[in-house]
Amino acid sequence: MGKFVERFSTSERVLHWFVTVSFFTLLLSGLGLYSRVFHNYFDLFGGGEGAILAHKSAGVIFFVNSLMLFFNHAKEMFTFDEDDRKWFRSLGGYLSKNPEHINSEKFNAGQKMFGIFMGIATLLLGVTGIINWIPASFPRALVQLSLLLHGLLFVAFVMLMVVHVYLTTIGNPGTLEGMLHGNVRRIWARTHHPKWYKEVGGE
């Protein structure tokens, strides 16, 4: 038995990295659209028109791949049990000096909630993005509401993505290996996702 166990397939990792690259393209191109303070970011795309084109193109890529990733893991994300409720009560042990590792499945309760948020927010961003794309085709009040909701979702996405990046790197060393190489160390899987490890690790 080797030291590693497969966590994500090649197709899952490709989808994830399409989502990641398109998200950061949306972030950099969208900052200038969000506020004049960030207009200098337009220079990364050759000006305002280039930034708008990049934002629209990346938006389509993000929308399609994010939803594909969501539906690929939907069954795993919508199953909550007592161990998940235990995770919620202790917030995964992240606020404790002596964190307790919950008997989690492939995804812990926090990751499941993040995935569900991603799915719902992606749909809303897609709908509001279309309205913002062709505002003349919709009532003014709807366009204004759409711009507000799009901006709020943008801020929420950025905040949660900062947490997501932290927890997959510094917060939980070894987590990123699964998305880079597809495999994680057995000791990592046994510690952080013991229930899942019993299913796939043969122990």
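Conditions (1) within 21 Å of residue 132 (Cα to Cα); (2) open to solvent by less than 50 Å² (accessible area, probe 1.4 Å); (3) within 16 Å of the chain's Cα centre (by Cα), marked per residue:
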site	(1), (2), (3)
45	yes, no, no
66	yes, yes, yes
71	no, no, yes
75	no, no, no
79	no, no, no
82	no, no, no
94	no, no, no
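Here is a check on your reading of the model: is residue 202 among the small types (Gly, Ala, Ser), more than 20 Å from residue 65 (Cα to Cα), open to solvent by 30 Å² or more (accessible area, probe 1.4 Å) and at pLDDT below 95? When the stated conditions are applied, residue 202 passes them.
Scanning the range 155-185 for residues that are open to solvent by less than 40 Å² (accessible area, probe 1.4 Å) and either hydrophobic (A, V, I, L, M, F, W, C) or assigned to a helix (DSSP H, G or I) (or both) yields 156, 157, 161, 168, 175, 178, 179, 184. For the range 4-102, the helices (runs of 4 or more DSSP H) that sit wholly inside it and include 1 or more residues that are β-branched (Val, Ile, Thr) and under 20 Å from residue 121 (Cα atoms) are 10-34, 48-77.
Answer yes or no: is there a residue in the range 23-31 that is under 21 Å from residue 195 (Cα atoms), touching a helix residue (DSSP H, G or I) at 6+ places or on another chain (Cβ under 8 Å) and either crowded, with 19+ Cβ neighbours inside 10 Å or of a type in the set (D, E, K, R) (or both). No, the range 23-31 contains no residue that is under 21 Å from residue 195 (Cα atoms), touching a helix residue (DSSP H, G or I) at 6+ places or on another chain (Cβ under 8 Å) and either crowded, with 19+ Cβ neighbours inside 10 Å or of a type in the set (D, E, K, R) (or both). Entry remark, the range 116-140: residues being more than 25 Å from residue 71 (Cα to Cα), open to solvent by 70 Å² or more (accessible area, probe 1.4 Å) and in a helix (DSSP H, G or I) number 4 in total. Inside the range 186-196, residues that are surrounded by 15 or more Cβ atoms within 10 Å (Cβ to Cβ) and in contact with a helix residue (DSSP H, G or I) (Cβ under 9 Å, 6 or more places away or on another chain) make up a count of 6.
The values are calculated or read from the model by the stated rules, or taken from the named source; none is laboratory data. What you are looking at is a predicted structure, and each value in this text was computed from that prediction instead of being measured. Every residue, glycine among them, receives a Cβ derived from its backbone with ideal geometry; neighbour counts consider all protein chains shown. Heavy atoms of the whole protein, side chains included, go into the accessibility calculation; ligands, DNA and RNA do not. Shrake-Rupley method; radii C 1.70, N 1.55, O 1.52, S 1.80 Å.
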